[in-house]
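See structure below.
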Amino acid sequence: MASQEVKLLSLWVSPFGHRVEWALKLKGVEYEYIEEDIFNKSHLLLELNPVHKKVPVLIHHGKVILESLLILEYLDEKWKEFPLLPQDPYEKAIVRFWANFGEAKLLRPGWPALRSQGDEKEKALKLWIEDLEKIEGELKGKKFFGGETIGYLDLAMGWISYMLPVWEEVGCSTILDPKKFPSITAWTEKFLSHPVIKENLPPRDKMVVWFEKRIKEPFSAQ
Amino acid sequence: MATGDVKLLGAGASPYVNRVQIALNIKSENYEFLEEKLGSKSELLLKSNPIHKKIPVLIHDDKPICESLVIVQYIDDVWTSGPSILPSDPYDRAIARFWAAYVDDKWFPLMKELRMAEGEEAKAAAIEKIVEVLVVLEEAFVKCSKGKAFFGGDSIGFLDIAFGSFLGWLKVTEKMGEMRLLSEAKTPNLVEWAERFCCDDAVKDVLPKTEKLIEIFKIMQARAKAPPSN
């Protein structure tokens, strides 16, 4: 059956998992969702991803594909509906570059920066905001990162629209000032009103509770 | 596709630059090599890669492409008449990309850790971690190569380039530390693969000789107190 061909092992609050779910839904791919408890990792996860022991994990006809951005590329190569990456090699290189940038400079250090305190937080946020300004620059004049429709880079940056506001609330800091980031602010609105994105977001109050719990625990990379 | 004007901004001693050189060689593509001087950044580099200010940068018909693995994929996408660098099957491509990211994110930082380690105990601990990772890559090699000569099969591919580009510096680390990281005991396949890789036509004139890299390492060490360049 179609839905057994594709399985996704993920965590309900993982932005890495969300982008894979959006891609699957945009492409109309049926899949079975398996929730993983990352604080009590299953044998399945350890077997499927022994190297990193992380979600999301995509399983297609028994083959395992890891790392959310690589999963997006895989999905785009296997399912031609709703293309995510540009066809042009140069445009493709540009979105890959920015996706890597977003991952390394914004997504991964984002929560650690916002949950930190005092001088450490001030220092971390200053650098972080400088990097967010580069994304603002990249988005200028565009409706979406992908142009007229959402694409790979919108999915890669999607966490900014719904997860960053939660981190801001829990971390008691305002970063996405509409005056400073008009393009990102406008993009957030459009991105969140896309029917597939809108229908596939984790509940905000549940996210707030989750991150409030995390802020009380010592930080450990997941 | 028209080949156009190809320039590569880089330094011969950088494994990231070497990746791009190997990829261009596989495609038999001519290019102008613009050598960045150690310890300084040219106007062209700062203009072409304002975000990271790092080499390599490929400039194709005046359009800059940055990040070595992004560039290698770009080269594969553009020069389609030459041998393929990435596998054709999407699953195999995902695997190659996964392990290439592993090399950059897991293996390379450990090599840096070893370089910075002070004292025998710290060095031994770093070496142990590196060998563990190399054993993981050994297993990956067995799976990816499927009995053939390279990660990419009969000829060198994306993952061979991603990992193989570091062999020059790996040899420097082994020589200067008077030890082996790749060994017949723990990573026999990788030992043989390394030799094949370094002799490959697309590679042999790219990876600098160990003695030359040691010279460069000593210069970089001396400059270590100067403001960071890359």
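Here are a few things to note about the model shown:
- Accessible area per residue, Å², region A:6-78 with all protein chains present, probe 1.4 Å: 38 Å²
- For chymotrypsin sites (Phe, Trp or Tyr not before Pro), the sites in region A:140-222 that DSSP calls loop and that have at most 16 other Cβ atoms within 10 Å are A:F219.
- Taking only protein heavy atoms and a 1.4 Å probe, the accessible area of chain B is 53% carbon and sulfur.
- Applying both filters, DSSP loop and at most 11 other Cβ atoms within 10 Å, to the trypsin sites (Lys or Arg not before Pro) of region A:130-222 gives A:K140, A:K179.
- Between B:N189 and B:K53, the simple spin-label model (points 7 angstrom out along Cα→Cβ) gives 4.3 nm.
- Per residue, chain B reaches -16000 deg cm²/dmol at 222 nm when only DSSP H runs of four or more residues are counted, each adding -39500 (n - 2.57).
- By average C-beta atoms within 10 angstrom, highest first, the peptides A:69-81, B:118-130, B:90-102, B:205-217: B:90-102, A:69-81, B:205-217, B:118-130
- Average beta carbon contacts from partner chains per residue of B:93-104, 10 Å cutoff: 4
- Stretch gain in nm, segment B:L34-B:R115, where the contour uses 0.36 nm per residue and the Cα spacing is subtracted: 26.3 nm
- When both bridge partners sit in region A:6-78, DSSP labels roughly 65% of those beta bridges antiparallel.
- Simple rule: put +1 on each Lys or Arg Cβ and -1 on each Asp or Glu Cβ in chain A, find the dipole, and look at A:L58, A:Y152, A:Q87; the Cα lying farthest toward the positive end is A:Y152.
- Computed from the C-alpha gyration tensor, the three semi-axes of the ellipsoid equivalent to region B:6-78 are 18, 13, 11 Å, from longest to shortest.
- The distance between label points at B:R223 and A:C172 comes to 4.6 nm (points 7 Å beyond Cα on the Cα→Cβ vector).
- Cα extents of region A:112-155 along the three principal axes, largest first (Å): 41, 17, 10
- Summed over all non-identical Cα pairs, the Kirkwood treatment of chain B gives a radius of 18.4 Å.
- Using all pairs of distinct alpha-carbon atoms, the Kirkwood hydrodynamic radius of region B:90-215 works out to 15.0 angstrom.
- Chain A, helix-only ellipticity at 222 nm - DSSP H runs n ≥ 4, -39,500 (n - 2.57), divided by all residues, nearest 500: -16000 deg cm²/dmol
- Normalised contact order of region A:89-216, rounded percent, pairs of Cα under 8 Å and 6 or more residues apart: 26 percent
- Label zone of B:Y91 (point 7 Å out along Cα→Cβ, amide N under 18 Å): in region B:136-150 this covers B:140-148.
- Remark: mean inter-chain Cβ contacts per residue of A:46-52 equal 2, using a 10 Å Cβ-Cβ cutoff to other protein chain atoms.
- Pair-distance distribution P(r) for region A:118-185, from all Cα-Cα distances in 10 Å bins starting at 0: 18, 52, 25, 5, 0 percent.
- Debye log10 I(q)/I(0) for chain A, one point scatterer per Cα, at q = 0.10, 0.14, 0.17 Å⁻¹: -0.45, -0.91, -1.35
- Probing with 1.4 Å while keeping every protein chain in the model, the per residue accessible area of region B:6-78 equals 39 Å².
- Per-residue mean of foreign Cβ neighbours for B:67-80 is 3 (Cβ atoms of other chains, 10 Å radius).
- Residues of region A:65-98 with amide N under 18 Å of the 7 Å Cα→Cβ point at A:N200: A:65-86
- Extension gain, A:E32 to A:K78, is 14.8 nm, computed as 0.36 nm per intervening residue step minus the present C-alpha separation.
- Contact order for chain B, expressed relative to its length and based on alpha carbon pairs under 8 Å spaced 6+ residues apart, stands at 23 percent.
- Here the accessible area is traced with a 1.4 Å probe on the protein chains. For chain A, carbon and sulfur cover 55 percent of it.
- Where the Cα pairs of region A:89-216 fall when distances are cut into 5 Å bins, in %: 2, 10, 20, 23, 21, 15, 6, 2, 0, 0
- Share of Cα-Cα pairs in region A:6-78 lying beyond 17 Å, as whole percent: 34 percent
- Label sites at A:K180 and A:N40, each approximated as a point 7 angstrom past Cα along Cα to Cβ, lie 4.1 nm apart.
- Pairwise burial B:A, computed as accessible area of each alone minus the pair, summed, 1.4 Å, Å²: 2200 Å²
- Normalising the average separation of contacting C-alpha pairs (under 8 angstrom, six or more residues apart) by the number of residues puts the relative contact order of chain A at 20 percent.
- Heavy-atom surface of region A:89-216, accessible at 1.4 Å and reported per residue (Å²): 47 Å²
- Residue list for region B:150-183, given a label point 7 angstrom along the Cα-to-Cβ vector of B:E139 and an amide N cut-off under 19 Å: B:151, B:182-183
- P(r) of the protein assembly as shown over all Cα-Cα pairs, binned every 10 Å from zero, in whole percent: 4, 19, 29, 29, 17, 3, 0
The values are calculated or read from the model by the stated rules, or taken from the named source; none is laboratory data. Only a predicted model underlies this, so the values are computations on that prediction, with no experimental measurement involved. A quick note on method: Cβ atoms are made from the backbone with ideal geometry, for glycine too, and the neighbour counts reach across all protein chains shown. Only protein heavy atoms, including side chains, enter the accessible area calculation; ligands, DNA and RNA are left aside. Shrake-Rupley method; radii C 1.70, N 1.55, O 1.52, S 1.80 Å.
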